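Read through the structure below, which is laid out as structure tokens, and then see the notes.
Every read-out reported here was derived from the displayed coordinates using simple, explicitly stated rules and does not represent laboratory data. Predicted, not measured: the structure shown is a model, and the values here were computed from it. Note that we place each Cβ from the backbone using ideal geometry, even for glycine, and neighbour counts take in every protein chain shown.
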Amino acid sequence: MTAVAPPIARRTALFHAPDWLRTVDHKDIGVMYITMALVFLVIGGVEALVMRWQLALPEQHVVDPALYSQLFTMHGITMIFLMAIPILVGMANFIVPLQIGARDVAFPRLNALSFWLSLLGGLLLYFSFVAGGAPDAGWFAYVPLSDRAYSIGTGLDYYALGLAVNGAGTIVGALNLVVTIALMRAPGMSVSRIPLFTWMVLVTSALILLAYPALSADLVLLLVDRYMGAHFFTPQAGGDALIWQHLFWFFGHPEVYIVILPAFGMISEVIPVFSGKPIFGYRFVAASSVAIGFLSMGVWAHHMFAVGLGNEADDFFSAASMLIAIPTGVKIFNWIATMIGGRLRFTTSMLFAVGFLTVFVFGGLTGVTLATIPLDWMVTQSYYVVAHMHYVLFGGVVFGVFAGSYYWFPKITGRLLSERLGKWHFWLVYLGFNLTFLPQHLVGIEGMPRRVWTYPASMGWGPLNFASSIGAAILAVGVAVFAVNVLLSLRSGEIAGDDPWDAWTLEWATSSPPPPGNFVQTPVVTSRRPLWDRKHPDRPDPS
Amino acid sequence: MSAQAVAAAPAESALSRIPLLGVAVFIVSESMFFLGVIFAFVQVRPADVSQMKAQLDLARTAVFSVCLFASSGTVALSHRGGGRHRGWLLLTWILGAVFLVGQGTEYARLLSSGFSPSSDVFGSAFFTLTGLHGLHVLVGLVAMGTLLVIATARPRGLSGVAWEAVTWYWHFVDAVWVVVFSVVYLWTALS
């Protein structure tokens, strides 16, 4: 790109591994988070593949039921706490200070602390395997199953400790991002000029700060119950098992939005750039995220329709859950309207963004069906729920992250990812993903419960499960292509330059990878597209 | 912390607020944590609390609570006019410590009379809620102690807002006790 304005950053060498143990630089810590997430993506993925192998045919015995329970528990925990959150926090760590024109985050040393706490939590969770068995009560570990009387091993102790430590890291990280975005923006970057990825990270961080402490409190109660013989969750002693569910889902449902909103943010950066148009309805995209944030705090009991909270409570939570479809739908239309009439460039990043739209809308619609109480009663605890949840979490978060990865990899490393391998990556993942999870809707409606170790052939669930397992294998090949792409491109990918996509936000104004301190001079922002203004001083962005 | 925050970019006034906003955000998050535990307390609180009423010593705890409430005043005095009055901070520290000693001796008495986290559900809730608050008081004492040591040994090394940040945290610890004292002691006494 021929920048008309003088360059505001000096050249640096291409990507090098950070000084892992001592660094407090936001970019290094971002890369460390992302690396941690990718390692756990492989671990959690292998766990999923073993489960799909076990379920591929009826009445198999690939693993025993006890290990199977540990696998589905650890798969869920890993993908949510050790993969999704770290990869999003990591990308936010790297990109947000650049997007707002800051030198670093507000508290660099706290930033290192939050990474190390997150990792330590993950290591504690996985240490459980050698300490006598991993947690095996599902990722939401309902009491009384997770209480001492029914889980006498140490697995649930590692669950509580690991998640508490990991969660503390996440809370500290969110605090850092909130303060950074609130106070460290470049001159001229008013609230209505904050890039949308940063906007979504802000909402996500606020949700983390409000929701994660409920999980911490829950875990403390569980530990007190398990170690001090307390009775919070034992009804026969006057306790109440529902406390666990309320506190867990008070955290657990916002958690869904905590992980999806940054993915929305990535999509909101990728689609405009590859459509050659500013986002349609910037204010609506930002405001609808805030609306989603608010609403998400009031929908937790839709995970508890089968508990019997009473019609009034159920109706409230059902209605609130359906309301979320409105701000989410607003965003979908914003993204589509951005593409209409644009000069579309179908890079791998854009393919994943468009793929995201298709699968996420599908997952969103099955979400509305699950918010319908009578239907929820029919399919709760079945594979229908598993299918829905993977359509939003994999189809939403992971597709978004892949779109963001192809978009920002050149900024992080200085080299482009291979587009040729990228196309293979996208199509294998898209095909594998749908083949894995589409049949699970059907097998769930046919009555197959989630978390069963095996099933009799007479149920007729064999063919759909077989298809699902084949899909999982294809999905794994797709992710492996991504891994190969990353490793090859790190070594010999095409040199990216500062602004390979002709983008508009400030991270593209500095070199790739950015130097320590990010910018040589503080950038001054006069619109929503500061880099556009630098490139086209004759017709600046009016926003 | 503020040493790292010297980015040239935004206005200095915004940057000087970084530590305080950090503490404020932390307090919001910690409030949600206490709300969760208080929710659990209310959920498991038995309808008949006559036994606990006999166990808990409202008057004695009220005296120690007054120490803690008073310490909010002294910590404010320690920072009045933006200054650093070590004497007031030391008095705050002592009042906080007295409160913890009161809590410790109360725990000892209750435990020796057979009232414990495992004795019944009220015990579980009582020790968990008051204990978590006590831990927060302890953290405040460590923070104030650190402040006092630095203010005495290396006064120039102390950033302008660190003192204020600690006072904010201490007010928060006090405010939580207002709620905990009401929910645990007053509510029981009035039942």
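State the three equivalent ellipsoid semi-axes of chain A, derived from the C-alpha gyration tensor as the square roots of 5 times its eigenvalues, in descending order and whole Å.
38, 25, 23
Amide H to amide H under 5 Å from A:Arg415: which residues, 5+ apart in sequence or cross-chain, H placed 1.01 Å off N in plane?
A:Ala496
Stokes-Einstein at 4 °C, 1.567 mPa s, Kirkwood radius from Cα pairs: D for segment A:363-409 in µm² s⁻¹?
This corresponds to a translational diffusion coefficient of 112 µm²/s.
Tell me the relative contact order for chain A as a rounded percent, counting alpha carbon contacts under 8 Å between residues six or more apart.
On the way: 953 pairs, mean separation 109.8, N = 543.
After rounding, I find 20 percent.
Give me the one-decimal nm value for the distance between modelled label points at A:Lys423 and B:Ile27, 7 Å along each residue's Cα-to-Cβ direction.
Computed distance between label sites A:Lys423 and B:Ile27 equals 5.8 nm.
Just round it to a whole percent: the fraction of Cα-Cα distances in segment A:272-397 exceeding 24 Å.
Numbers: 2814 of 7875 pairs.
Of the Cα pairs, 36 percent sit more than 24 Å apart.
Roughly what angle does helix A:462-492 make with the longest principal axis of chain A, taking Cα atoms, 0 to 90 degrees, to the nearest 10?
Helix A:462-492 sits roughly 30 degrees off the main axis of chain A.
How far, in degrees from 0 to 90, does helix A:348-371 lean away from the longest principal axis of the Cα atoms of chain A, to the nearest 10?
Helix A:348-371 and the main axis of chain A meet at about 40 degrees.
B:Asp48 versus A:Ala473, label points 7 Å from Cα toward the beta carbon: distance in nm?
For B:Asp48 paired with A:Ala473, the spin-label model returns 6.5 nm.
Would you please classify the overall shape of segment B:54-115 from the alpha carbon gyration tensor, given that a ≥ b ≥ c denote the square roots of the eigenvalues, rounded means a/c under 1.5, and beyond that prolate means a/b larger than b/c while oblate covers the rest?
prolate
In units of 2.2 N^0.38 Å, what is the alpha-carbon radius of gyration of segment B:71-188? Present the calculation step by step, with values, prior to reporting the outcome.
Values: Rg = 16.5 Å, N = 118, 2.2 N^0.38 = 13.5 Å.
Rg over 2.2 N^0.38 Å, computed on Cα atoms: 1.22.
Can you give the mean number of other chain Cβ atoms that lie within 10 Å of the Cβ atoms in peptide B:36-46?
6
How big is the Kirkwood radius of segment A:50-121, worked out from every pair of different alpha carbons and given in Å to one decimal?
15.1 Å
Modelled label-to-label distance, A:Ala319 and A:Val484, 7 Å Cα→beta-carbon offset: nm?
Using points 7 Å along Cα→Cβ, the separation is 5.5 nm.
For an R0 of 30 angstrom, estimate the FRET efficiency from the Cβ-Cβ distance between B:Glu12 and A:Trp20 and round to the nearest 0.05.
Taking R0 as 30 Å, the efficiency between B:Glu12 and A:Trp20 is 0.35.
Can you give the longest run of chain A that contains no trypsin sites (Lys or Arg not before Pro) sitting in a DSSP loop with at most 12 other Cβ atoms inside 10 Å?
No qualifying site falls inside A:23-342, the longest such stretch.
When Cβ neighbours within 10 Å are restricted to other protein chains, what is their mean count per residue of peptide A:173-184? List each step's numbers first, then the result.
On the way: counts 0, 2, 8, 2, 1, 6, 11, 5, 0, 6, 13, 7.
That average works out to 5.
Where Lys and Arg each count +1 and Asp and Glu each count -1, what net charge lies around A:Trp408 among other residues with Cβ under 10 Å from its Cβ?
Around A:Trp408, the surrounding residues sum to -1.
Across the residues of A:186-193, average count of Cβ atoms on other protein chains within 10 Å?
The mean count of partner-chain Cβ atoms within 10 Å per residue comes to 1.
Within segment A:350-376, list the residues whose amide N lies under 14 Å from a label point set 7 Å along Cα→Cβ of A:Val452.
In segment A:350-376, the label zone of A:Val452 (backbone N under 14 Å from the point 7 Å along Cα→Cβ) covers no residue.
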